[in-house]
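The values are calculated or read from the model by the stated rules, or taken from the named source; none is laboratory data. As the structure is a computational prediction, the values presented were derived from the model and not from experiment. Positions of Cβ are generated from backbone atoms using ideal geometry, with glycine treated the same way; all protein chains shown enter the neighbour counts. For accessibility, only protein heavy atoms count, side chains too; no ligands or nucleic acids. Shrake-Rupley method; radii C 1.70, N 1.55, O 1.52, S 1.80 Å.
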Amino acid sequence: MCLRTLIIIITNIYFLVSYVNANDDLISYDIIDYSIPYSLTNREGDIKNGREVALSRQGNCLACHKVPMHDDMFQGNIGPSLAGIGNRYTIAELRLRLVNPYVLNPDSVMPAFYKVRGLKRVDKKYTEKSILSAQDIEDVISWLATLKD
Amino acid sequence: MSYLIKFFFALILFSSLDLVAEEKSNYKNSEKPYKKSELKSGSYFSREETRAIELDEFENPGMIWVERGSELFNTHIGNNNIACSNCHNKNNNSLIGVATTYPKIYKNKLINLEQKINICLDNNMNAEPYLLESNNLLSLSSFITYISRGLPMSVSIEAEAQKYFNRGKEIYFERVGQMNLACNQCHDNLAGNYLRAEKISQGHINGFPSYLMRWENIASVHRRFQFCNNQARAEPLKIGHDDYNALQLYIAWRGNGLLLESPSVRR
């Protein structure tokens, strides 16, 4: 009897601790009306760095998207062109698009750039890491917002 | 009471029959992503320059492995001092057409052509098996595949192969890695589109072993799987892994009917 109680207490503590840990590594956010209204960080997005992250291997947006005014010959066409994206979406909507596109389309091939849970067989180099940091995401969306027709 | 037991038995029996029926229907032809007329080999999607190199036997770098394989095939190897060609030749145990049937069940286990070659080295020649993905092994498999060039892929998914087939299909549709991508998302849904500079193909394996210009080397099917896993930032499996063989069987079946084109050339 005593042993059983002990086991229950220990497992409870274990789950409590792992739950806290799970929420620890990423900044939490609220999704409201298919958007994330509040910035993930308290620093303003840096447009120049955002462009760099998006066009480099880090964000790798060019694998799937065309980007206007960028003369890399090799741009993918899996997703829609990002031309005029700043007219079509608000910052809050763009933030959700990058953080967790599965809310909009569960089958999306666009990766969630800010997600670590619920992924299978992740390469050891990348476990427990999101593809982009919170600040990089803020930077990229502030750059996206400048892409206006 | 005994009626109740019989009733339960009947129930279990019927439900298991149902399961069998479902398993069978798992691989109806209609479930293939591509109808036979829509099947397109990878070379259909590759660039014209690359395809030209593939088709020119003098320029195709994969032919170096084929030639080396042909030499090895006729060389005495191992303690029995015997060559493959002593047992496998025009009149006896010919290997023409054999490559179209792999992966295949051998002693209750699914194995690929490279593993079968190693079994022959071990059992029939008293020789040390080659390391998977080694030059010698890929040379032999390139040669053996080459002599089936132009013949249609025809793997079997019946009997003992069925459970591997089901597993392979599962893997094909499973989203993995930091990018959370499954094979079907690119090779069924996006074939013909560009991922960066690369036109995505239907992901068939009728050109393997395949020469990859980026590595200046020949690659087995499993090596290519590792590469696609890497790109999704998923932990790749070991070459020769049961799950890769299962996946290879599923993909080979998807492309049954395509003509063997090895050694293919890709970027």
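Across B:H187, B:H88, B:H204, mean-square fluctuation computed from a Gaussian network of chain B (C-alpha pairs under 10 Å connected) peaks at B:H88. When you restrict to C-alpha pairs under 8 Å that are six or more residues apart and normalise by the size of chain B, the relative contact order lands at 26 percent. For chain B, the share of DSSP beta bridges that are antiparallel, to the nearest 5, is 80%.
Students often forget the sequence filter, so: which lysines lie under 22 Å Cα-Cα from B:K109 once same-chain residues fewer than 8 apart are removed? Of all the lysines, those that pass the test against B:K109 - Cα under 22 Å, at least 8 places apart if same chain - are B:K24, B:K163, B:K169, B:K238.
How would segment B:62-146 be classified by its alpha-carbon gyration tensor: rounded, prolate or oblate, with rounded meaning a/c under 1.5 and the a/b versus b/c comparison settling the rest? It comes out rounded by the Cα gyration axes. For B:L181, the residues 5 or more places off, or on other chains, whose built amide H falls under 5 Å of its own are B:V176.
Where does the protein assembly as shown land at 222 nm, in deg cm²/dmol rounded to the nearest 500, when only DSSP H runs of n ≥ 4 count, each adding -39500 (n - 2.57), divided by all residues? Present the calculation step by step, with values, prior to reporting the outcome.
Values: 15 runs with 170 residues, N = 416.
Calculated from helices alone, the mean residue ellipticity at 222 nm is -12500 deg cm²/dmol.
So what is the orientation-averaged projected area of segment B:101-245, using the convex hull of its C-alpha atoms, in nm²? Provide the component values of the computation, followed by the final result.
Details: hull surface 38.4 nm².
For segment B:101-245, the mean projected area of the Cα convex hull comes to 9.6 nm².
Note: relative contact order over segment B:42-156, using C-alpha pairs below 8 Å and six or more positions apart, is 33 percent. Within segment A:110-145, the residues that become at least 50 Å² less accessible when every protein chain is included than when their own chain is isolated (1.4 Å probe; DNA, RNA and ligands ignored) are A:L119, A:K120, A:R121, A:D123, A:Y126, A:I131. The Stokes-Einstein estimate for chain B, based on a Kirkwood radius over Cα pairs and taken at 10 °C with 1.306 mPa s viscosity, is a diffusion coefficient of 80 µm²/s. Shown in residue order for segment A:76-87 are the 3J(HN,Hα) couplings computed by the Karplus curve 6.51 cos²θ - 1.76 cosθ + 1.60 at θ = phi - 60°: x, 10, 6, x, x, 4, 8, 4, x, 5, x, 7 Hz (x for Gly and Pro). Comparing mean-square fluctuations of B:K36, B:K90, B:K104 from a GNM of chain B with C-alpha springs under 10 Å, the top value falls on B:K90. Counting protein heavy atoms only, chain B has 55 percent of its accessible area on carbon and sulfur, 1.4 angstrom probe. Under the simplified labelling scheme, the B:W215-A:D71 pair shows an inter-label distance of 3.6 nm, with each label point 7 Å from Cα along Cα→Cβ. Sequentially through segment B:127-142, phi angles give Karplus couplings (6.51, -1.76, 1.60; θ = phi - 60°) of 10, 5, x, 7, 5, 4, 6, 6, 3, 4, 5, 5, 5, 5, 5, 5 Hz, Gly and Pro residues having no value and appearing as x.
When its C-alpha radius of gyration is set against 2.2 N^0.38 Å (N residues), the protein assembly as shown gives a value of 1.21. What the Cβ-Cβ distance of A:K125 and A:S56 gives, at R0 = 25 Å and to the nearest 0.05, is a FRET efficiency of 0.90. When restricted to Cα atoms, segment A:26-144 yields an Rg and a Dmax of 13.9, 39 Å, respectively. Annotation: amide H of B:I82 within the under-5 Å range of B:I77, sequence separation 5 or more or interchain, hydrogens built in the peptide plane. What residue among A:K124, A:K115, A:K66 has the largest mean-square fluctuation in a Gaussian network model of chain A, using Cα springs under 10 Å? Greatest mean-square fluctuation among the candidates belongs to A:K124.
Under 30 Å of direct C-alpha separation, and excluding same-chain neighbours fewer than eight residues apart, A:K148 reaches these lysines: A:K48, A:K66, A:K115, B:K199.
The phi-based Karplus calculation (6.51 cos²θ - 1.76 cosθ + 1.60; θ = phi - 60°) puts the 3J(HN,Hα) values of segment B:181-194 at 10, 10, 3, 5, 4, 8, 7, 9, 8, 10, 4, x, 8, 9 Hz, whole numbers, x for Gly and Pro.
Please work out the Cα convex hull volume for segment A:27-78 and give it in Å³ per residue. Before the final figure, lay out each step's value.
Details: hull volume 6.5 nm³, N = 52.
It comes to 125 Å³ per residue, whole-number rounded.
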